[in-house]
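Heads up, the thing below is written out as C-alpha cells.
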Amino acid sequence: MMPSTRTFTFGREVMLMVVFGALVLGMPQWLTWIGGYEALATKVLIWALFALGFDILLGFTAYLSFGHAAFFGTSAYVTGLMLKHVSASVIPAMLAAVTVNLALALLLGALILRRSGIYFSILSLAFAEMLHAAGLSIFAKWTGGDNGLTMDTKPVLLGIPMEGRPVFFLCAVFVILGFAVARQIKRSPMGLMLQAIKENPTRLEYSGVNVMAYKFAAYVISAVYAGVAGSLMVIYEPYVATKFLHWSTSGELVVMSVIGGVNTLLGPMLGAGFMLYFENVVQSVIGEQWKLVLGLIFVCIVIFLPGGFMDLWRRLRALLGRAKSRRDNVPDAPGSIQEAREANYAALANMEEAS
Amino acid sequence: MAKKTDTPKERLLNRRQLLKGSAAAAVVAGLAPTFFIRNAWAEQAIGNYPVNGSSVVFGFNVPQTGSYADEGADELRAYELAVEHLNNGGGMLETLQPLSLTGAGVLGKKVEFVVGDTQTNPDAARTSARRMVERDKVIMFGGGSSSAVAIAQQYLAQEMGTVFMCGLTHSNDTTGKDRRRYGFRHFFNAYMSGMALGPVLADAYGKDRRAFHLTADYTWGHTQYQSIKQFTEAEGWTTVNNIMTPLGTTDYSQFLTAVLNSDADVLVLNHYGKDMINSLTQAVQFGMRELQVGGKDMQIVVPLYSRLMAKGAGAANIEGVFGSTNWNWTLDDPGSQAFVASFSEKYGFPPSQAAQTCYVQTLMYADACERAGTFYPPEVIKALEGHSFTGAGPGEAFFRGEDHQCFKDILVVQGKGPGESSGEFDLLKIVQQVKREDVTYPVQTFEGDLGPYEPA
C-alpha cells in the first residue's frame with residue numbers, strides 16, 4: 001500500500017517549500033495582523049519543530065509517546081547550564097544539548113521500545129516523570145528546583161545577540177530545515193517501512209525486516225527534533241521552567257498533534273500554532289473562561305474532524321472536487337469501501353427490481 | 001524538469017534537483033531577513049519608555065486558572081479598583097502620605113490596563129508577560145501568586161526593562177538570592193513570619209516544645225521551613241523532623257501517621273492554599289487537636305495564613321491555630337479602612353491580603369512615577385528605593401533600596417472558632433501587630449545582586 005496517494009515531484013516539492021518558507025519567514029508580519037506579536041511567532045516555531053519531530057514517531061509508526069517532555073526538558077536544562085556556566089555562545093550549548101539528548105534517546109529507546117501500544121505510552125510517561133521528579137529533587141542544585149533555572153546570560157550566535165528577530169530567524173531556519181528533512185524521510189524507503197510498522201509490525205518482521213531498528217531510528221530522530229526545540233526555547237528565553245519536563249508538556253504535544261492532524265507533518269505544526277495563539281491571544285479576549293472554550297473546541301474537533309485541521313483541508317478539497325477525500329488516520333481508504341458498498345446496494349436493488 | 005525514473009508512475013527527486021532547490025531556498029532565506037528587519041532596533045529606549053499618546057498601560061498578570069485561581073481573582077478586583085482610583089481619585093489616595101498622585105491619571109496620562117493569565121505556572125507567566133510588554137506596550141506589570149512565578153517574571157522584567165511589582169510571594173528568595181533591580185515586593189516573607197511567630201509561639205506554648213514540620217516541596221516551603229525552624233529553635237524548641245510533601249498532595253495520612261509515631265507535640269504545616277486546607281483538615285480528623293503528648297496538648301501552627309484558606313478549612317478546624325499574615329481587613333487604621341470601604345462597596349465583600357498587596361503596590365508604582373516626573377524606569381526605580389510611606393496599612397512602610405523588600409508591621413493571627421466569628425469573612429483574630437522594627441533584618445542575611453538600572 002502506498003503511504004500517500006500523491007506522488008512527490010520536483011516541481012511540487014519546490015513549490016511547497018517556497019510557500020512554507022515564505023509563510024514561516026513572514027510570520028512576525030502576518031501574526032501581528034491577527035493580534036499576535038513577534039515573540040509569539042518565535043515560540044510557535046519552537047513548538048512547531050517539537051510537534052513536527054513528534055509526528056515522525058506518532059504519525060509514521062503510531063507509537064504514542066507520552067514522555068517527549070523528557071527530551072525537550074533535558075535539552076533545555078543542558079542548554080541553560082551551558083549558557084550559564086560555560087559560555088554564552090549558542091553553538092556549544094546546542095551541540096551539548098543534542099548530544100545529551102541523543103544519549104538519553106538511545107538509553108530510553110532501548111528500554112521502552114520493546115513494548116508497543118499502551119505499554120509503550122505508559123513506560124515513556126513513567127521515565128519522563130522520573131526525570132521530572134529527579135530535576136526537582138536530586139538535581140535541584142543545578143536545575144534551580146521549582147524556581148526554574150534563572151540566569152542573566154544573553155545568548156550569542158557568532159557575535160549576534162540572540163534576541164528578537166535574530167532568534168526568530170534561527171528558529172525559522174531550523175523549522176524549514178526540519179520540515180524538508182521530515183518530507184524526505186516520509187518519501188524515503190525508510191518512511192515506507194515506518195508506515196508499514198503502523199499497519200502490521202508482525203508481518204513486517206516475518207518478511208525479514210528489522211522492525212526494532214526502524215522504530216528505534218524514528219524514536220531517536222523525533223528525540224533530536226525535541227532536543228533542538230528544547231534548546232531553542234532556552235536561547236529564545238534564557239530561563240528553564242520545570243514544566244518543560246512535566247507530563248503536561250507531553251500532553252500538550254499530543255493534543256497539538258491530534259487537533260492538527262496526525263501523520264500530515266503540517267498538521268501538528270498547525271496544531272501547535274493554534275494552541276499557542278489561543279493560549280496567548282484569544283485568552284486575553286475571553287478572560288478566565290478560556291480553558292473551557294478550548295476544551296469545547298477539542299471536543300468538537302475530535303467528534304466532527306477526527307483527522308484534525310488537515311482533515312478539514314482535505315474535505316474542502318473534496319467539496320471543490322479537486323481531490324478525493326483521504327483520511328490518513330484510518331488504515332483502509334474509506335472511499336473505496338464506500339464505493340464498493342454503493343455498488344453492492346445498486347446490484348441488490350437491481351436484483352430486487354428484476355425479481 | 002524532472003526526468004522519469006525507473007519507479008512506475010512516480011517522478012522522484014534526484015540529487016541535482018535537490019541541490020538546485022536547496023540553493024534557491026537558501027537565497028530566499030538569506031534575502032528575507034533584510035526585508036523584515038528594517039527598523040527593528042532603531043530606538044534605544046528602555047522597555048516601553050517613552051510613553052506616547054494620552055494614556056499609559058499597566059499589565060496585570062494573575063492566576064486566572066490553576067491552584068491559586070481564587071487569589072488571582074481577588075488580585076484582579078484590587079487592580080481594577082486601583083486603576084479606578086488612579087484615574088478618578090478615592091480609596092487610599094485619601095490616606096497615603098506622602099503622595100504626589102492627584103487622582104487624574106499618572107503624569108497627566110489616563111491609566112489603562114491589560115490582563116493576562118499566569119496559570120500558576122512560571123513558563124506561562126513569562127509568555128503572558130512578554131505579550132503584555134511586546135504587544136500591549138505596558139510600562140509596568142504586576143501580580144501573580146506563587147514565588148516560582150514571581151521569580152521567573154522578575155528575571156524577565158530585568159531583561160525587558162519593564163518594572164515588575166510582585167504580587168503574593170512569600171519565599172525569601174524573591175528579595176534574597178533572586179532579587180532583581182526591576183522587581184519590588186510589598187508582601188512580607190517567610191523570614192519575617194519566623195521573626196514574628198517565634199516569640200508569640202514560645203509565649204503561648206512554652207519554651208520546651210518539640211516540633212514536627214510538614215513542608216510543601218518547593219522554594220517557598222523550603223525557605224519557610226528554614227525560617228520557622230531557625231526562630232523557634234532560638235526560643236528553645238527542638239525540631240524533631242521535617243517531611244517534604246509534594247505540591248498538590250491530597251492525602252496526608254501517611255505523613256500524619258509519622259507525626260503521631262514521633263514524640264512531637266507541635267505540628268507545623270508549611271502549606272498554602274488547597275494543600276493547607278487538606279493537611280489541616282486531615283490532622284484534625286486524626287484527632288491531633290485533642291491529643292496529649294508527654295503531658296502537653298498537641299498544637300498545630302500554620303505560619304502563612306490567609307482568610308481564603310481559613311474559610312476553606314472551616315472555622316471549627318482553625319479555632320486557636322496560630323499563623324502570620326500580611327494584612328487583614330479588620331484592621332482599623334485609616335488606610336485599611338478606606339481600602340476596605342471602597343472594595344466592599346464595589347464588590348460586596350471585604351478584600352483578601354492578596355488584594356491589598358496588589359492594590360498598594362500599583363499605587364506605589366504610580367506615585368513613584370509622579371515623584372520622579374517621568375516613566376523612565378531607572379528614575380522610577382530610584383524613586384521607589386528607600387521610599388517611606390504611611391496610610392497603606394498600619395504604621396509606616398519602607399521599601400529597602402538594597403533588596404527591594406518592603407518592611408512594615410505584620411500580623412500574628414489566630415483562627416476564630418464558630419462561636420467568636422461574626423460572619424463568613426470574620427475568621428482571623430489579630431493576636432499581635434508585630435512592629436516593623438521587630439521584623440526588620442539586616443540586608444546581609446541573604447546574599448543576592450540586584451543587577452543594573454539599565455538592562456544591557
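The values are calculated or read from the model by the stated rules, or taken from the named source; none is laboratory data. Keep in mind that what you see is a predicted model, and the values were worked out from it rather than measured. No Cβ is skipped: glycine too gets one built from the backbone with ideal geometry, and neighbour counts run over all protein chains shown.
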- Query: Before we move on, is residue B:374 crowded, with 19+ Cβ neighbours inside 10 Å, touching a residue at least 60 places away in the same chain (Cβ under 8 Å) and either of a type in the set (S, T, N, Q) or on the phi > 0 side of the Ramachandran plot (or both)?
  - Reply: no
- Message: Would you confirm whether or not the range B:195-204 contains a residue that is within 14 Å of another protein chain (Cβ to nearest Cβ) and touching a strand residue (DSSP E or B) at 6+ places or on another chain (Cβ under 7 Å)?
- Response: no
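With the requirement that a residue be over 22 Å from the mean Cα position of the chain (by Cα) and farther than 27 Å from residue B:215 by Cα, what does the range B:315-332 give you?
Initial filter on the range B:315-332 (over 22 Å from the mean Cα position of the chain (by Cα)): B:315-321, B:332.
Scanning the range B:315-332 gives a single hit, B:332.
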- Query: Looking at this structure, is residue B:131 within 11 Å of chain A (Cβ to nearest Cβ) and among the basic types (Lys, Arg)?
  - Reply: yes
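Quick one: which of B:268, B:302, B:293 is over 28 Å from the mean Cα position of the chain (by Cα) and of a type in the set (Val, Ile, Thr)? Outline the logic, then answer.
Numbers: B:268 fails: over 28 Å from the mean Cα position of the chain (by Cα); B:302 fails: over 28 Å from the mean Cα position of the chain (by Cα).
Criteria check complete, one pass: B:293.
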- From the list B:215, B:162, B:169, which one is in contact (Cβ under 8 Å) with a residue 60 or more places away in the chain and under 30 Å from residue B:359 (Cα atoms)? B:162
- Given the conditions (1) crowded, with 21+ Cβ neighbours inside 10 Å; (2) over 18 Å from residue A:52 (Cβ atoms); (3) among the small types (Gly, Ala, Ser), report the number of the one that residue A:159 does not fulfil. (1)
- Query: What number of residues within the range A:180-196 satisfy the criterion of being surrounded by fewer than 13 Cβ atoms within 10 Å (Cβ to Cβ) and part of a helix (DSSP H, G or I)?
  - Reply: 1
- Item | Looking only at the range A:197-213, and only at residues there that are free of Cβ contacts under 8 Å to residues at least 24 places away in the same chain and closer than 17 Å to residue A:115 by Cα, the one that is surrounded by the fewest Cβ atoms within 10 Å (Cβ to Cβ) | A:202
- Among the residues of the range A:243-278, write down those that are within 11 Å of chain B (Cβ to nearest Cβ) and touching a Lys or Arg at 6+ places or on another chain (Cβ under 9 Å). A:249, A:276
- Task: Within the range B:314-355, track down each residue that is under 19 Å from residue B:73 (Cβ atoms), of a type outside the set (S, T, N, Q) and surrounded by 22 or more Cβ atoms within 10 Å (Cβ to Cβ).
- Result: B:327, B:339, B:343, B:351, B:354, B:355
- Message: Quick check on the range B:88-96. Is at least one of its residues over 25 Å from residue B:398 (Cβ atoms), more than 10 Å from chain A (Cβ to nearest Cβ), assigned to a helix (DSSP H, G or I) and modelled with pLDDT of 85 or more?
- Response: yes
- Item | Residue selected from the range A:59-96 under the condition among the hydroxyl-bearing types (Ser, Thr, Tyr) and either modelled with pLDDT of 90 or more or in contact with a Pro (Cβ under 7 Å, 6 or more places away or on another chain) (or both), by the criterion farthest from residue A:122 (Cα to Cα) | A:79
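Could you say whether any residue in the range B:381-390 is of a type in the set (Val, Ile, Thr), modelled with pLDDT of 90 or more, outside the structural domain of residue B:321 (by TED's automatic domain parsing) and under 21 Å from the mean Cα position of the chain (by Cα)?
Pass one, the range B:381-390, residues of a type in the set (Val, Ile, Thr): B:381, B:390.
Then keep just the ones that are modelled with pLDDT of 90 or more; that gives B:381, B:390.
Filter once more, keeping what is outside the structural domain of residue B:321 (by TED's automatic domain parsing): B:381, B:390.
This time we only want the ones that are under 21 Å from the mean Cα position of the chain (by Cα), so: B:381.
Within the range B:381-390, one or more residues are of a type in the set (Val, Ile, Thr), modelled with pLDDT of 90 or more, outside the structural domain of residue B:321 (by TED's automatic domain parsing) and under 21 Å from the mean Cα position of the chain (by Cα).
Which residue, of B:335, B:273, B:312, is within 22 Å of the chain's Cα centre (by Cα) and in the same structural domain as residue B:76 (by TED's automatic domain parsing)?
Details: B:273 fails: in the same structural domain as residue B:76 (by TED's automatic domain parsing); B:312 fails: in the same structural domain as residue B:76 (by TED's automatic domain parsing).
Among B:335, B:273, B:312, only B:335 is within 22 Å of the chain's Cα centre (by Cα) and in the same structural domain as residue B:76 (by TED's automatic domain parsing).
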- Out of all the residues in the range A:145-175, which are facing chain B (nearest Cβ under 9 Å), among the small types (Gly, Ala, Ser) and more than 25 Å from the chain's Cα centre (by Cα)? A:145
- Item | Checking residue A:177 against (1) surrounded by 17 or more Cβ atoms within 10 Å (Cβ to Cβ); (2) without any contact (Cβ under 8 Å) to a residue 24 or more places away in the chain, the condition it does not meet | (1)
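Residue-wise test of (1) touching a strand residue (DSSP E or B) at 6+ places or on another chain (Cβ under 6 Å); (2) at pLDDT 90 or above.
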position: B:305; (1), (2): yes, no
position: B:308; (1), (2): no, no
position: B:315; (1), (2): no, no
position: B:319; (1), (2): yes, no
position: B:322; (1), (2): yes, yes
position: B:334; (1), (2): no, yes
position: B:340; (1), (2): no, yes
position: B:345; (1), (2): no, yes
position: B:350; (1), (2): no, yes
- Task: Identify the single condition in (1) surrounded by fewer than 19 Cβ atoms within 10 Å (Cβ to Cβ); (2) in a helix (DSSP H, G or I) that residue B:244 does not satisfy, given that it satisfies every other one.
- Result: (2)
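Limited to the range A:81-131, what total is found for residues that are among the hydroxyl-bearing types (Ser, Thr, Tyr), in contact with a Phe, Trp or Tyr (Cβ under 8 Å, 6 or more places away or on another chain) and not in a helix (DSSP H, G or I)?
Applying the first criterion (among the hydroxyl-bearing types (Ser, Thr, Tyr)) to the range A:81-131 yields A:87, A:89, A:99, A:116, A:119, A:121, A:124.
Subsequent filtering for residues that are in contact with a Phe, Trp or Tyr (Cβ under 8 Å, 6 or more places away or on another chain) retains A:116, A:121, A:124.
Then keep just the ones that are not in a helix (DSSP H, G or I); that gives A:116.
Result for the range A:81-131: 1.
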- Would you say residue A:128 is within 13 Å of chain B (Cβ to nearest Cβ) and either closer than 21 Å to residue A:241 by Cβ or modelled with pLDDT of 85 or more (or both)? no
- Note on the structure: By residue number, the members of the range A:11-67 that are surrounded by fewer than 21 Cβ atoms within 10 Å (Cβ to Cβ) and β-branched (Val, Ile, Thr) are A:14, A:18, A:19, A:32, A:34
- Please enumerate the residues belonging to the range B:80-90 that are crowded, with 24+ Cβ neighbours inside 10 Å and in contact with a strand residue (DSSP E or B) (Cβ under 9 Å, 6 or more places away or on another chain). B:82, B:86
- Query: Of all residues in the range B:137-167 being closer than 22 Å to residue B:366 by Cβ and at the interface with chain A (Cβ under 8 Å from one of its Cβ atoms), which is surrounded by the most Cβ atoms within 10 Å (Cβ to Cβ)?
  - Reply: B:156
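When you look at residue B:455, is it over 30 Å from residue B:312 (Cβ atoms) and within 14 Å of another protein chain (Cβ to nearest Cβ), yes or no? Full working, then the answer.
Working: over 30 Å from residue B:312 (Cβ atoms): yes; within 14 Å of another protein chain (Cβ to nearest Cβ): yes.
Answer is yes for this residue.
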